[in-house]
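Visitor: Here's a structure for you.
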Amino acid sequence: MGNAKAYSAATATSPLAPTQIRRREITERDVEIEILFCGICHSDLHAVRNEWSEFLPTNYPIVPGHEIVGRVTRVGSEVTKFKTGDLAAVGCLVDSDRTCPRCQRGLENFCPNLILTFNSPDKHLGGVTYGGYSESMVVDEHFVLRVPSNLNLAGAAPLLCAGITTFSPIHRAGVTKGKKVGVVGLGGLGHMAVKFAKALGAHVVVFTTSPSKKEDALRLGADEVVLSRNQEEMRRHTASFHFILDAVSADHDINPYLNLLDLDGDLTLVRAPAKPLAVPAFGLIFGNRSVSGSNIGGIPETQEMLDFCGAHNITAEVEVIPIQKVNEAYERLLKSDVKYRFSLDMASLREQ
Ligand code: NAP
Ligand code: ZN
């Protein structure tokens, strides 16, 4: 058992501040990881501020972070996937029961006994799990992913949540050449969706509320950019999309996007604002349209996504910051001022 430096929030209204946490001694199947980079997901901010109090109340203190890339420093005696010195990554999950039908299908993300990387019961130490805003962590090897060696590590970290959360529904929707795909919100998740849909050959349209992101969207691979507050621009795409992914972090009306779906088109929500949505039946009925949801991805698919990124040289566009700037980064997230993921350089924590 060891102490590790970390950043935590003490209440829903406190800033993140330096602290010390305990990490468990490795067991036979555990991998100990020195964390090199951790992405900042908008879910970290929702959790720190207890914005999901109805569904997933936050236990304080909270150490967020579930986009983790690092180097293996020790392995347990039965570990087969990793050795000391390897690159390793951890996403949103650190444990599950491994026996339920969902786990057996590789969908650990839907296991009823799922343990999230932060704010879930910690069966080893008691209390709750602590995430990646920390210098090290200990995780069962089943939940540790391999990182392709050609990827930039700061840019690879966000693949562990923003990457898999967009890859999974895009994959499931059968996105390929000849399909017209919309991405709503060019933030951490949205910009990854653009990269994946483009790599799969689709015609990609970005919907943004930020005129200043237009050039970037095209550079990232969008074929067209629509300013979603301009009704005339929106109307030009009526009934034309096979698939639209909504990756917005705040409440907004989905009705205008339903009207853009072609016959049998699907609008998948990956965003997670707490307030229920008003879904108009007529927007669905006239066109056999559907609204779906998607939640991260299982471990096998997460590895598949990382391997896909290795093969296509895909990483997130990151602004690398020291952890001391994390509170400032949260304020910028709230203003949609992120280009396009913050990646915390954990050397800044070790040197503190
Ligand atoms: P982010 O980086 O902050 O990006 C969100 C984007 O939403 C912004 O950049 C902005 O894009 C757009 N936006 C913000 N406020 C808006 C508003 N009022 N109206 C319309 N658009 C607005 O967030 P993220 O990390 O990508 O996360 C997005 C959402 O997905 C969050 O709610 C997060 O909790 C959720 N999430 C879900 C899962 C899952 O498994 N389902 C996993 C991870 C995250 P533009 O400037 O382009 O408009
Ligand atoms: Zn996330």
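The values are calculated or read from the model by the stated rules, or taken from the named source; none is laboratory data. Only a predicted model underlies this, so the values are computations on that prediction, with no experimental measurement involved. Backbone-built Cβ (ideal geometry, glycine too); neighbour counts: all protein chains shown. With ligands, DNA and RNA removed, areas are computed over all heavy atoms of the protein, side chains included. Shrake-Rupley method; radii C 1.70, N 1.55, O 1.52, S 1.80 Å.
Visitor: Could you check region 1-57 for strands (runs of 3 or more DSSP E) lying wholly inside it with 2 or more residues that are within 16 Å of ligand 2 (Cβ to nearest atom) and at pLDDT below 95?
Guide: Per the criteria, no element qualifies.
Visitor: Moving to a separate point now. Residues of region 63-98 being acidic (Asp, Glu) and touching a Phe, Trp or Tyr at 6+ places or on another chain (Cβ under 9 Å), which ones?
Guide: Listed by number, the residues that qualify are 67, 95.
Visitor: Another question, then. Among the residues of region 272-315, count how many are open to solvent by 80 Å² or more (accessible area, probe 1.4 Å) and over 17 Å from the mean Cα position of the chain (by Cα).
Guide: So the answer is 10.
Visitor: Quick one: in region 283-300, which of the residues that are part of a helix (DSSP H, G or I) and touching a helix residue (DSSP H, G or I) at 6+ places or on another chain (Cβ under 6 Å) is farthest from residue 145 (Cα to Cα)?
Guide: Among those that are part of a helix (DSSP H, G or I) and touching a helix residue (DSSP H, G or I) at 6+ places or on another chain (Cβ under 6 Å), it is 283.
Visitor: Within region 321-336, how many residues turn out to be over 17 Å from residue 251 (Cα atoms), touching a helix residue (DSSP H, G or I) at 6+ places or on another chain (Cβ under 7 Å) and not polar (S, T, N, Q)?
Guide: Of the residues in that region, 4 qualify.
For every residue, the table says whether it meets (1) within 18 Å of the chain's Cα centre (by Cα); (2) more than 19 Å from residue 302 (Cβ to Cβ); (3) open to solvent by 30 Å² or more (accessible area, probe 1.4 Å); (4) small (Gly, Ala, Ser).
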| residue | (1), (2), (3), (4) |
| --- | --- |
| 49 | yes, yes, yes, no |
| 52 | yes, yes, yes, no |
| 60 | no, yes, yes, no |
| 92 | yes, no, no, no |
| 117 | yes, no, no, no |
| 125 | no, yes, yes, no |
| 149 | no, no, yes, yes |
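Visitor: Here's something else I'd like to know. Does residue 65 meet the test of being more than 30 Å from residue 190 (Cα to Cα) and either more than 22 Å from the chain's Cα centre (by Cα) or open to solvent by less than 30 Å² (accessible area, probe 1.4 Å) (or both)?
Guide: No.
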